[in-house]
Amino acid sequence: MALDMLVDATQLDSALSSVADAIRAKGGTSAQLAFPAGFVSAVQAIPTGVTVNEVTLTADVANTNELCAAIMPGLPRYQRAVFWYKTGQSGLQGRIMGAYVYKSGDTSYGGGRTRYSYGYSANDGTAKAGDTYCWIGDLPAWN
Amino acid sequence: MELRYFKSIIDGHIFAVGKGQGGEEITEDEYDAILSRLAEKPADEEGYRWLMVDGTLEWERQEMPHTNEIDADEALSIITGVSE
């Protein structure tokens, strides 16, 4: 019988524990990981990145209500998210804008208006068909 | 994760299409069809805009609505970024 390699069990156990600790830390879990299947499934469960949402206007918008309804339709109450311009607005590509969206008729925030904040308004006529906006990740829960 | 496509409808017109959260879910084929149709949008005319009809994807000309008026408080909140 030939032996390819002798393995120190204590050393191997220590090494696997350190790998498992790293996987748990990255995956945000404290669960025991059985080798190898547990390691594999834990690595596969680690999120690979954030979701990037993208929306393209197909019409010129007349006001901020339309802009909000077009970009983030169906929001039932109040949301905020980090938006940025992808294309369309001359000189603004890649710049970030804040967004505050209020459901029409909800008087809890700002008198029930729908609007954007941080220096952007559809009133300046820059929200045009073909403009594309992006935002990162899931929209947060209700405030 | 499978990519989700959606469209935003206002009064029977498609105002936007997107990938991710929001709106009414559509197929990738419909998403592509709407963007292809967008590339065929008629030329702009002063005081008017073109709206894409949901379902037929036909272009419909509409007089540009007046922009919304804002009061002083809202103007201040837009400038400062403080909205509550």
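What residues have an amide H closer than 5 Å to that of B:M64, excluding those fewer than 5 places away on the same chain, when H is modeled at 1.01 Å from N in the peptide plane?
B:Y48, B:R49
Just to be sure I understand: if you take the accessible area of chain A alone plus chain B alone and subtract the pair, with a 1.4 Å probe, what total do you get in Å², rounded to 100? Please report the intermediate quantities before stating the final value.
Working: alone 9260 and 6630 Å², together 13090 Å².
That pair of chains buries around 2800 Å² in total.
Pull up all non-local amide H partners of B:Y5: gap of 5 or more, or a different chain, and H-to-H distance under 5 Å with H placed in the peptide plane.
Residues meeting the criterion, in which the H sits 1.01 Å from N, are B:G20, B:I26.
Provide a whole-number value for the mean count of partner chain Cβ atoms within 10 Å of the Cβ atoms in peptide B:35-45.
Mean partner shielding for this stretch: 2.
Average partner chain C-beta neighbours within 10 Å, per residue of B:20-29?
On the way: counts 11, 12, 10, 7, 2, 0, 0, 0, 0, 0.
What the average comes to for B:20-29 is 4.
Please calculate the 1.4 Å probe accessible area of A:V40, with all protein chains present, and give it to the nearest 10 Å².
80
To the nearest 0.05, how large is the calculated FRET efficiency for B:Q62 and A:F39 if R₀ is 45 Å and r is the Cβ-Cβ distance? Mind showing how you got there, number by number?
Working: r = 59 Å, r/R0 = 1.32.
My answer for the efficiency is 0.15.
Going by average Cβ neighbours within 10 Å, how do the peptides A:26-35, B:32-41 rank, with the highest at the top? Please list the in-between numbers first.
Values: A:26-35: 12.2, B:32-41: 13.9.
Packing order, densest peptide first, comes out as B:32-41, A:26-35.
Please give the peptides B:2-10, B:15-23 ranked by average Cβ packing (other Cβ atoms within 10 Å per residue), highest first, as a rough proxy for protection. Numbers along the way, then the final one.
Details: B:2-10: 17.2, B:15-23: 23.4.
Result, highest mean first: B:15-23, B:2-10.
How would A:W135, B:W59 rank on accessible area, largest to smallest, probe 1.4 Å?
Working: A:W135 0, B:W59 40 Å².
Ranked from most to least accessible, the order is B:W59, A:W135.
Averaged over B:5-15, how many beta carbons belonging to a partner chain fall within 10 Å of each residue's beta carbon?
Values: counts 0, 4, 4, 11, 3, 7, 2, 0, 3, 4, 13.
The per-residue average across the peptide is 5.
The values are calculated or read from the model by the stated rules, or taken from the named source; none is laboratory data. Model, not experiment: these values are computed from the prediction. Neighbour counts run over all protein chains shown; Cβ positions are idealised from the backbone, glycine included. When the accessible area is computed, the model is the full protein with side chains, heavy atoms only, and any ligands, DNA or RNA have been set aside. Shrake-Rupley method; radii C 1.70, N 1.55, O 1.52, S 1.80 Å.
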